[in-house]
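A quick write-up on the structure given underneath.
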Amino acid sequence: MGRLRRLIVIVLFDGVDLLDVTGPPEVFSLVQRETCDVTSYQIALAAETLDPVTTSAGVRVLPDITFREASTRSIDTLLVPGSVEVDGEGRVHALADPAVVDWVRTLATRTRRITSVCVGAHILAAAGLLDGKRATTHWSTAQQLAADHPMVEVDADPIFIREGDVWTGAGISACLDLSLALVADDFGETVALRVARQLVMYLKRPSGQSQFSVPLEPVSMTRRVEDLRHYVMRHISDQLTAADIAAYAHVGERQLARIFKSELGMTPAAYIESARVEAARNQLEATDVTLERIASTCGFGTTDTLIRAFRRQLDTTPTEYRRRFRAGSR
């Protein structure tokens, strides 16, 4: 067997998200197939012990080495997945086991490149590896990451972010995009695109690609704001304004702005536009309705307004979005 140049250690622990663990190795394994380079990557799953690890999906995974063994190796890439728990009100909370955090901090000293997948960013942050850096994570825990780790500059929009030798990835399927970016960093864009084609991915998305669903998804802490969110969706085709929402809530517009900023992190006007874009996304994905009709039913009024909102929110156009994500499209 050829000399193994790039050892990728994937951190395992009970409750870890399964796709975070299995997705990246699928990408890395295709590099050898596409390049005939037997020295491309070696994958090692590392855990506290060699006992089976039960993932969040209930699937058990066998570690290859222990954390202690990994700490004696020269690691090219340390890949840290994440795990979450959901409370009684449906809110998602990222977890960071202190013992795992300690091992990640130790292994980082043996590593050329550190990456997190999805909410694994919370583990990197707890280990102090994201201090002073810009980082992303799954949109559902971005506010938690920012609150728990004020030294981290959290940006919930991109699908992945590179800060020197530290990479952070966003939502679960974005682990494939992050892995392809690592491949491109090691072997070049041509190889990464060939791997993407083998995975039947539309393209290798750049790091600046938006997570698309981010603007509409923050979970509010009060029933009143949830009621206002539902009110917006019920009146999405109307020429809805912040004044209309304030009147419905029986508060002044300034008070409404404070409520939205505190609970959702945005102004009422920004939320209305995000809700309209979300409604338009759904129609673009599921129907062949014209842009003019979508602009009307989603409250944009004109196609130009719809296009400008998509550029602001998603950095793309409605036509391009439909081409990429239309259900059943080729």
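The values are calculated or read from the model by the stated rules, or taken from the named source; none is laboratory data. The model shown is predicted, which means the values in this text are computed figures rather than measured ones. Cβ sites come from the backbone with ideal geometry, for glycine too, and all protein chains shown count toward neighbours. Ligands, DNA and RNA are excluded from the accessible area calculation, which covers all protein heavy atoms including side chains. Shrake-Rupley method; radii C 1.70, N 1.55, O 1.52, S 1.80 Å.
Before moving on, here are some points about what is shown:
- Test: ALA44 is small (Gly, Ala, Ser), surrounded by fewer than 24 Cβ atoms within 10 Å (Cβ to Cβ) and either within 21 Å of ALA181 (Cα to Cα) or without any contact (Cβ under 8 Å) to a residue 24 or more places away in the chain (or both): yes
- The set of residues from region 271-310 being open to solvent by 30 Å² or more (accessible area, probe 1.4 Å), at pLDDT below 90 and assigned to a helix (DSSP H, G or I) comprises ASN282, GLN283, GLU285, ALA286.
- For region 110-155, the set of residues classified as open to solvent by 40 Å² or more (accessible area, probe 1.4 Å), assigned to a loop (DSSP other than H, G, I, E, B) and either aliphatic (A, V, I, L, M) or on the phi > 0 side of the Ramachandran plot (or both) consists of GLY132, MET151, listed by residue number.
- Of residues in region 12-41 being at pLDDT below 95, of a type in the set (Asp, Glu) and under 25 Å from the mean Cα position of the chain (by Cα), the one least open to solvent (accessible area, probe 1.4 Å): ASP20
- Only one of VAL84, VAL80, VAL92 that is buried (at least 22 other Cβ atoms within 10 Å of the Cβ) and in contact with a strand residue (DSSP E or B) (Cβ under 6 Å, 6 or more places away or on another chain): VAL80
- If the condition is being at pLDDT 50 or above and of a type in the set (Phe, Trp, Tyr), then region 179-211 contributes only PHE187.
- Among residues of region 85-113, those that are within 21 Å of SER173 (Cβ to Cβ) and in contact with a helix residue (DSSP H, G or I) (Cβ under 6 Å, 6 or more places away or on another chain), counted: 2
- Residue match in region 58-77 (condition: open to solvent by 10 Å² or more (accessible area, probe 1.4 Å) and in contact with a Gly (Cβ under 7 Å, 6 or more places away or on another chain)): no
- Filtering region 245-268 to residues that are in a helix (DSSP H, G or I) and in contact with a Ser or Thr (Cβ under 8 Å, 6 or more places away or on another chain) leaves ALA257, PHE260, LYS261, GLU263, LEU264.
- Just one of the numbered conditions (1) over 24 Å from ALA121 (Cβ atoms); (2) modelled with pLDDT under 95; (3) aliphatic (A, V, I, L, M) is not true of LEU62: (2).
- Number of positions in region 156-195 that are open to solvent by 20 Å² or more (accessible area, probe 1.4 Å), not aliphatic (A, V, I, L, M) and not in a helix (DSSP H, G or I): 7
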